[in-house]
Amino acid sequence: MKNRWITFFTGIISVRITGKGLERYINTLIKNGLLIWSVRRNGIQSLTFKMKLNDLSKLRELSRGSGIKIEFIKKEGLPFLFKRLLMNSGFLVGAISFLVIITILSNMIWGIQIKGAEPATEYKINKELDKMGVKVGKLQFFVDNVESIQRQLTNNIEEITWVGVELQGTTYHLQVVEKNEPEKPNYLSPQHLVAKKKAVIVDMFVEEGQAVVDIYDRVEPGQLLVSGVIGKEGQNVQVPAKGEIWGETWYKTSVEIPIKTTFQVYNGNEKRKHSLKLGNVKIPLWGFGKIEYKEFETETNEKQIKFLNWTLPISLVSDTHREKESETRIYSNEEAIDVAKKMARLDIKNNLPEDAKIIGENILHQAVDNDKVTVSIHFQIVENIAGGQPIIQGESE
């Protein structure tokens, strides 16, 4: 019989018949369209064969008054398998429930460990994590990824300089570096303080050493400001000169601003799609249809599913498609010059120490050419110009 495996889905019955005239009875069944196979003789008055479950009613009808005894000895195929599963459904449901519960527990957050933080900072971190939904008992699928948690903690808690976040199994490990760490004492060897750049001195505070310049003096790079050699002649002592020498310095910077600029912005429209990823195959779960946006950017967040200590090749994938639009910004000449000034100030501040101050500025040149505004600005800055220079052995003032 060809393609006999197809009958597995409809059901197969193994039948034993006993009585007289068995061959004639078999021929009667075949003539009436019953499909039978694997016919075997088990004795003078006994035969076995297999037939389709769908032909059972026809078999019973043809057996009436034939004097043949019919016995069903085996049942095979999907209908009987399904029936057996229903009869043992308690075990099946229990096994499936067990696997589901273990999988859920393997993907929950069971611990949060924070190292390197003071108690007050640790309390703030725990509070911030709670706002983000990172808490014991929460499923990892509904929590932001590690990079996002790290970024939010760094931005929202002023007391920390850096925080490393790592997920190991079901526990989040956080390594914290705080800003207000106690400063280690700085032991200096004997030194002078010299000028780091050309300047006019406007203020000075000498903590240790002998000042050799005064306010309003003009100094050149490398010029001695505070000597580390103190005492009377013949009784000189070398010390690490310390202090702050504030001088007025000068900087020149040029900034070029296009009058017309085209850039991409998000307009607030977004569409999310959720899918189950099996290996390299994605099965959509939620959010069907095409993305109708002309221009968009896609952010993908993938959560691996774990079972005990194993990471399964299964993951939940969330794709967020955000629509973008092209915006064109056109400055007037006055607006472009104003923006150029602000950018120049920002550029100067980024290249100066935090305690430096801008005390004056003067536009040297401004021009509009080829739809661009070019501005050159001269800045007056007050900054600490003192730098250490080791004293050579045997040197005296």
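A short reminder: the numbers here are calculations on the coordinates, not readings from a lab. What you see is a predicted model, and the numbers here were worked out from it, not measured in a lab. Cβ: placed from backbone, ideal geometry, glycine included. Neighbour counts: every protein chain shown.
Please report, in debye to the nearest 20, how large the charge dipole of region 4-82 is about its Cα centre when each Lys and Arg carries +1 at its beta carbon and each Asp and Glu carries -1 there. Working shown, then result.
Values: 15 positive and 5 negative charges, 31 e Å.
That gives a dipole near 160 debye.
Between residue 338 and residue 272, the modelled label-to-label distance comes to 4.0 nm, taking each label 7 Å out from Cα in the direction of the beta carbon. Is any residue of region 126-163 close enough, with backbone N under 17 Å, to a label point placed 7 angstrom from the Cα of residue 286 along the Cα-Cβ axis, and if so, which? Those under the cut-off are 139-145. Between residue 162 and residue 301, residue separation times 0.36 nm minus the direct Cα-Cα distance comes to 47.7 nm. Apply 1/(1 + (r/R0)^6) to the Cβ-Cβ distance of residue 354 and residue 120, taking R0 = 25 Å, and write down the FRET efficiency to the nearest 0.05. According to the calculation, E is roughly 0.50.
Taken about its Cα centre, the chain carries a charge dipole of roughly 6300 debye when the Cβ of each Lys and Arg holds +1 and the Cβ of each Asp and Glu holds -1. Taking a span of 18 Å or more along the helix axis (Cα atoms) and a mean Kyte-Doolittle hydropathy of at least 1.6 as the rule, the DSSP H helices of the chain that qualify are 89-106.
Applying 0.36 nm per residue to the separation of residue 320 and residue 366 and subtracting their alpha-carbon distance, the gain on full extension is 12.1 nm.
How much mean residue ellipticity at 222 nm does the chain get from its helices, if each DSSP H run of length 4 or more adds -39500 (n - 2.57) and you divide by all residues, to the nearest 500 deg cm²/dmol?
Values: 8 runs with 93 residues, N = 397.
Dividing the helical sum by the residues of the chain leaves -7000 deg cm²/dmol.
Length available on full extension from residue 20 to residue 69: 0.36 nm per residue minus the Cα-Cα distance, which gives 16.7 nm. What separates the Cα centres of region 340-397 and region 239-288 is a distance of 26 Å.
Note on the chain: dipole from Cβ charges, positive end direction compared against 281, 253, 191; the farthest Cα belongs to 281.
Going down the list 260/357; 179/349; 127/349; 260/324; 197/341; 131/271, which pairs span over 30 Å between their C-alpha atoms? Don't skip to the end; give the middle numbers.
On the way: 260/357 33 Å; 179/349 22 Å; 127/349 35 Å; 260/324 19 Å; 197/341 25 Å; 131/271 24 Å.
260/357; 127/349, as the Cα separations exceed 30 Å there.
What does the convex hull of the Cα atoms come to per residue for region 299-397, in Å³? Spell out each step's value before the answer.
Working: hull volume 32.9 nm³, N = 99.
Spread over its residues, the Cα hull of region 299-397 gives 332 Å³ apiece.
Of all lysines in the structure, those lying under 18 Å Cα to Cα from residue 50, and not within fewer than 8 positions of it along the same chain, are 2, 31, 58, 69, 74, 75. Loop sites by DSSP among the chymotrypsin sites (Phe, Trp or Tyr not before Pro) of the chain, restricted to those with at most 11 other Cβ atoms within 10 angstrom, leave 1-186 as the longest stretch without any of them. Each residue of region 275-285 was assigned a 3J(HN,Hα) from its phi angle through the Karplus curve 6.51 cos²θ - 1.76 cosθ + 1.60 (θ = phi - 60°); the sequence is 8, 9, 9, 10, x, 9, 9, 9, 10, x, 10 Hz, with glycine and proline shown as x. Mean projected area of the Cα convex hull of region 264-328, taken over all directions, amounts to 5.3 nm².
How high is the relative contact order of the chain, given as a whole-number percent (alpha carbon pairs under 8 Å, six or more residues apart)?
13 percent
Of the labelled figures [x] 141, 60, 36; [y] 79, 71, 41; [z] 66, 53, 41, only one reflects Cα extents along the principal axes in Å as derived from the coordinates, namely [x]. When the Cα positions of 160, 117, 136 are compared along the charge dipole of region 111-178, 136 comes out farthest toward the positive end, with charges on each C-beta of Lys, Arg, Asp and Glu.
Of the GluC sites (Glu not before Pro) found in region 287-383, those that fall in a DSSP loop while having at most 11 other beta-carbon atoms within 10 Å are 292, 295, 354.
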